[in-house]
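Since the structure comes first, as C-alpha cells, the remarks are kept for the end.
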Amino acid sequence: MNAALPWSAATAAACGIDRLRQALAPGCGFGRAALSRERVYAAGDEAVARAAAGRVAGVAAEAGAERLGRVRAALAAAPDPQPAAGRARGGEILSDADFFDLMRFDEALRDLAALCAGTSLAVPEPDPALAEALAPGRRPGRSFHLDDAFDDGLRSARDAAAAAQAACDAARSRLAARAAAAAGIATIRDGEFVLMRDAAPATLPPEIRVVREAPTYLLCELALDAEALAAVAARDAAAARVAAVEEGVRARLSAVVAAASAALHGACARLGDLDLLAARAAFAARHAGVVPELDAAGGIALDGARFPPLEELLAEHGRRYVPISFELDGLGVVTGPNMGGKTVALRTLGFTAACAALGVPVPARAARLPLFDEIAWLGIGPGPASARDGAPVADGETGLLSAFGTEVVALRAFLERPARRTLVLVDEFARTTSPREGRALLIALLGTLAERGVAGLVTTHLAGIAAAAGVPHFAAGRLRPLPVTTDGPAAPAASTEGPLALHEALGRIAAAMEYTLVRVTESAAENSDALTLAAALGLDRALLARAATVLGRPSTSSG
C-alpha cells in the first residue's frame with residue numbers, strides 16, 4: 001500500500017470501515033499480492049481518486065453484481081503459474097503436473113476473457129508461444145498428457161518399448177509354461193506363487209526358485225533363464241529410452257516456460273489488479289454507489305447517504321433504513337433523542353470519507369466532500385473503551401482509566417499530532433462527567449478543533465453547545481407520540497416476553513421515529529425522549545412515573 005491508512009483501528013471499528021475493507025478484500029492470491037499496490041488517497045489526490053471511483057462505477061454498471069461475482073470466482077479458481085515459472089527460470093525441469101497447472105492458467109485466462117467480454121475489465125492474454133507449446137498435451141476433461149506429437153522420436157521410442165515389453169512377456173510366458181510342466185502343475189502365474197508341499201515334486205525344476213519355506217507350503221518365483229533375462233534387459237533399455245525422450249520434451253517445454261516467465265508474472269499482476277477492481281465494483285453495484293465530487297475546498301454535502309453495515313442489519317430484521325442528507329462546512333453539532341440516529345450520522349460520514357479515500361463510489365444519491373489526511377473517532381462510541389484512537393496507554397493500564405479518562409487520553413493523543421486536513425467524529429464527548437464541566441470542555445474542544453481547521457460532527461445531549469461554540473446545529477431524529485395509558489407511556493404487551501417483546505418494541509420505536517438530520521436555525525429543544533423510549537422498551541412504570549414527577553411532568557405524559 002502506498003501510504004498508511006488514515007484511520008486507527010478504533011475509528012475503523014466505529015465507522016464500519018472494517019466491514020468496508022472486508023467487502024473490498026481480494027478473493028484470490030493474485031489480488032492479495034496486489035494489495036501492496038493499492039492506493040489510499042489523501043488531500044491533494046482529488047482528481048486521481050475521483051477517476052478511480054469513476055472507473056469502479058463504470059465497471060459496476062457494465063458488469064453488474066452477478067457477473068462480477070462469477071469473475072471473482074473464476075479468479076479464485078485459477079492456479080498460480082508463478083512458482084513453476086520461477087523454477088523453470090532457475091533451470092529446473094518441470095513435471096507433467098506443472099504443465100497441467102500452466103495449461104489450466106491458460107484456460108482460466110480464456111474463461112475470464114469470455115466472462116468480461118463487453119466490459120472494460122482488462123484480462124491479460126495467454127502467452128501465445130507457451131499456449132502453442134502446451135497445446136499437444138491438451139485432453140478432454142482438462143487433463144494434460146505428454147503426447148507423441150511433442151517429439152518425432154517419442155512415438156518410435158514408445159512403439160519400441162511396447163514391442164520390448166511384449167517380447168519380455170512372451171519370454172516369461174514360455175518360461176512359466178516349461179516350469180509348470182516340469183513341476184506337474186497346470187499353470188504358474190507371474191510373480192511369486194505358492195506350491196503346497198504335498199503336491200510339489202521332490203526335486204523342483206531349475207526354472208523355479210524357493211523364496212521362503214513353510215511347514216505346509218513353499219513360496220516360489222520363476223528363475224529367469226538367459227532368454228528371459230535378455231528380454232527384461234531389452235525392455236528396461238527401451239523404457240529408459242522413452243524416459244530420456246520424455247525428459248527431453250519436458251526440458252524443451254520448461255525452456256518455453258522460462259522464456260514466458262516474465263509474461264506470466266505480468267499476467268498475474270494484472271489479474272491481481274482485476275481482482276481488486278472487481279471487488280470494488282461488486283461493492284458499488286450492491287450498494288448503488290455514486291462517484292463523489294471531491295472538493296478540495298473542504299465542503300461536505302451528502303444526499304441520501306447510507307451506512308451499509310446498519311442497512312444490512314436492519315434488512316435482516318425486516319426493518320426499513322432511512323438515508324440521511326445534510327451539508328456541512330467545517331464543524332457541526334448534532335442533538336436529538338436517544339436512538340434517533342446521532343451516532344449513525346457520524347458513522348455514515350466516516351464510512352463515506354473512507355470510501356472516498358479508497359477510490360470507491362459512496363453509498364448515496366450524491367456526495368461532495370474533501371479527501372482527508374486523517375479520519376478520527378473521539379468519544380466512547382461503539383467498541384470497547386480500551387480501544388480508543390491513538391491513546392498512548394501502557395499495556396495493563398487501560399483498566400485503570402474511567403470512561404472519561406479514556407476519552408481524555410485519546411483526545412490528548414489526537415491534539416498532540418500535527419494539524420492537518422482531518423475529519424473528526426466526536427460521539428458524546430465528556431458525557432460521563434458532570435454536565436456543567438462536560439459542557440465547558442465540549443465548547444472548548446469545538447473552539448480548538450475550529451482553530452485547527454478540521455471538519456466533522458459532534459453529538460451531544462448537552463444543551464446550547466452549538467450556539468455557544470458558534471457552529472451549525474443539526475437535529476437528528478424526531479420521535480412522534482407513542483401510545484400512552486393512564487399509567488404512563490405504553491410498554492410492550494404483557495403477553496409477549498423475551499426477544500420477541502424487544503423486537504416489537506424496537507419496531508414501534510422505529511415506526512414513531514423520523515430519522516432525519518435537519519439543520520436548525522433557532523435554539524431547538526434538546527430533548528432525549530428518554531422516558532418515552534424507556535417506557536417503550538418495557539421499563540417499570542412506577543419508576544417512570546417517579547421520573548416524570550421529578551421532571552414536573554404529568555405521569556401520563558409520553559415523555
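Annotations
- Per-pair calculated FRET efficiency, R0 = 51 Å: residue 117 and residue 173 via Cβ, rounded to 0.05: 0.30
- The charge dipole of the stretch 152-234, taken about the Cα centre with unit charges on the Cβ atoms of Lys, Arg (+1) and Asp, Glu (-1), comes to about 80 debye, rounded to the nearest 20.
- Alpha carbon centroid spacing (whole Å) that separates the stretch 62-125 from the stretch 256-335: 26 Å
- Extents of the stretch 152-234, largest first, come to 56, 20, 19 Å (Cα atoms, principal axes, whole angstrom).
- Residue 194 long-range amide H proximity, modeled H, under 5 Å: 220
- Listed residue (140, 23, 11) projecting farthest to the positive dipole end of the stretch 1-151, Cβ model: 11
- Whole-Å semi-axes of the stretch 64-184's equivalent ellipsoid (Cα gyration tensor): 47, 17, 13
- Backbone geometry of the stretch 352-363 corresponds, through the Karplus equation with coefficients 6.51, -1.76 and 1.60 at θ = phi - 60°, to 3J(HN,Hα) couplings of 4, 5, 5, 4, 4, 5, 9, x, 10, x, 9, x Hz, x marking Gly and Pro.
- Summary of packing: across the peptides 241-253, 188-200, the per-residue average of other C-beta atoms within 10 Å ranks them, highest first, as 241-253, 188-200.
- Interchain or long-range residues, amide H under 5 Å from residue 366's placed H: 303
- Whole-Hz ³J(HN,Hα) from phi, Karplus 6.51 cos²θ - 1.76 cosθ + 1.60, for the stretch 402-409, glycine and proline x: 6, 4, 5, x, 5, 4, 5, 5
- Compactness of the stretch 2-117, taken as the C-alpha radius of gyration over 2.2 N^0.38 Å, stands at 1.37.
- Cα-based shape type of the stretch 223-342, given that a ≥ b ≥ c are square roots of the gyration tensor eigenvalues and the cut on a/c is 1.5: prolate
- For residue 5, no residue whose modelled amide H falls within less than 5 Å of its own remains once neighbours fewer than 5 places apart on the same chain are excluded.
Read-outs throughout are calculated quantities, based only on the coordinates presented, and are distinct from any laboratory measurement. Everything numeric in this text was worked out from a predicted model, so none of it was measured. Positions of Cβ are generated from backbone atoms using ideal geometry, with glycine treated the same way; all protein chains shown enter the neighbour counts.
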